[in-house]
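The values are calculated or read from the model by the stated rules, or taken from the named source; none is laboratory data. Since the structure is predicted, the reported quantities are computational estimates derived from the model, not experimental observations. Positions of Cβ are backbone-derived with ideal geometry, glycine not excepted, and every protein chain shown enters the neighbour counts.
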Amino acid sequence: MKLSGRHLLGLENMSRDELDLILETAVSFKEVLERPIKKVPPLQGKTIANLFFESSTRTRISFELAERRLSADVISFSQSGSSVSKGETLKDTARNIEAMKIDMVVVRHASAGAAHFLSRVVDANIINAGDGAHEHPTQGLLDMFTLREKHGSLENLRVCVVGDILHSRVARSNIYGLQTMGAKVSVCGPATLIPREIERMGVAVYHRLEDVIPEVDALNVLRVQLERQKRGLFPSLREYHRYFGVTKEKVQKASRPLTIMHPGPINRDVELSADLADSEHSVILQQVTNGVAVRMAVLYLLGTV
């Protein structure tokens, strides 16, 4: 089996078979990462451009490492100091990609739809590394991989995404992917950070952590986007932590051991207490490791068709 499309733009329209294929392929690449020699040759001779128009450390490094582990030639590009900061448009950048005969492009952009746009104007395979508040498909995949590794199956697993759902591309990819794999997904956060009519996506909505914690197997805790606090979407960070911060005291009310996830970077003692982030409940470091394996799987499946 292979993926039905040439690009990874989001998880919304991916089939269960395709998601299964990526996750199973990632299992094989995680085994590769545990070997003394971690490099394999499937993408030797391929050139991959990483276009990051938004700041990112974890995602960019994870992709670069995955690409090099697969023996690809890697070109990394960031907006700072680039032609984009001098006025070059995304379309101009796309034309230059074509001229340089790039095989694959990993793109992160502040505008929703940027990856879709590139997929229509260049011949290269496009991988969406996050576009605005739309989707972040490889983060969704690595979260799913980590949960399946921990719990054995995603079928009927109860997962709650906590925090700023309104602006989160991670939340959307988690909802689409987990539901396709048979999980039961809910969201929890202040009313000002929950999209209107999100129930239409098939998720349950909670506004109190104390109500959701006894009902779920895992919490995926989103970063509080401090840059949005200027818009007054919640009274203060102290108030947010009091009502929506995930702490050991709150987790003790769970009916079973809870799995705690976070896409990073963590605002410690804001959305997640420091002691809980480093506790036996946390799989945050496993998410980082699994991110490389999952991105290797995506690059391999798209780059070898």
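Each residue in region 5-20 was checked for being more than 18 Å from Val105 (Cα to Cα) and among the small types (Gly, Ala, Ser), and 1 pass.
Taking the conditions exactly as written (in contact (Cβ under 8 Å) with a residue 24 or more places away in the chain, in contact with a Ser or Thr (Cβ under 6 Å, 6 or more places away or on another chain) and buried (at least 21 other Cβ atoms within 10 Å of the Cβ)), does Arg108 satisfy them or not?
On the way: in contact (Cβ under 8 Å) with a residue 24 or more places away in the chain: yes; in contact with a Ser or Thr (Cβ under 6 Å, 6 or more places away or on another chain): yes; buried (at least 21 other Cβ atoms within 10 Å of the Cβ): yes.
Here the answer is yes, as Arg108 does meet what is asked.
Can you work out which of the residues in region 19-57 that are more than 17 Å from the chain's Cα centre (by Cα) and either among the acidic types (Asp, Glu) or part of a strand (DSSP E or B) (or both) is surrounded by the most Cβ atoms within 10 Å (Cβ to Cβ)? Looking at the filtered set, the residue picked out is Ile48. Number of residues in region 116-144 that are within 28 Å of Leu285 (Cβ to Cβ) and assigned to a helix (DSSP H, G or I) equals 8. Just to verify a result, which residue in region 216-243, among those that are hydrophobic (A, V, I, L, M, F, W, C) and modelled with pLDDT of 80 or more, is farthest from Pro263 (Cα to Cα)? Ranking the candidates gives Phe234 first.
Number of residues in region 1-18 that are part of a loop (DSSP other than H, G, I, E, B) and more than 17 Å from Thr304 (Cβ to Cβ): the value is 7.
Any chance you could count how many residues in region 98-145 are of a type in the set (S, T, N, Q) and more than 13 Å from the chain's Cα centre (by Cα)? Even if it seems obvious, please write down each step before you answer.
Of all residues in region 98-145, those of a type in the set (S, T, N, Q) come to 111, 119, 125, 128, 138-139.
Narrowing the set further to residues that are more than 13 Å from the chain's Cα centre (by Cα) leaves 111, 119, 125.
The number of residues fulfilling the criteria is 3.
Per the listing Ala297, Ala254, the residue uniquely touching a helix residue (DSSP H, G or I) at 6+ places or on another chain (Cβ under 7 Å), in the same structural domain as Arg69 (by TED's automatic domain parsing) and of a type in the set (Gly, Ala, Ser) is Ala297. Of the candidates Ala129, Ala124, Ala99, the single residue that is outside the structural domain of Asn220 (by TED's automatic domain parsing) and over 30 Å from Glu31 (Cβ atoms) is Ala99.
Looking at this structure, is Lys46 more than 27 Å from Gly177 (Cα to Cα) and touching a helix residue (DSSP H, G or I) at 6+ places or on another chain (Cβ under 6 Å)? If you could, list the steps in order and put the result at the bottom.
Details: more than 27 Å from Gly177 (Cα to Cα): yes; touching a helix residue (DSSP H, G or I) at 6+ places or on another chain (Cβ under 6 Å): yes.
The answer is yes for Lys46.
In the set (1) outside the structural domain of Ser168 (by TED's automatic domain parsing); (2) buried (at least 20 other Cβ atoms within 10 Å of the Cβ); (3) part of a helix (DSSP H, G or I), the condition left unmet by Leu147 is number (1).
Within region 111-159, the set of residues being in contact with a Ser or Thr (Cβ under 8 Å, 6 or more places away or on another chain) and of a type in the set (Val, Ile, Thr) comprises Ile126, Ile127, Thr138, Val159.
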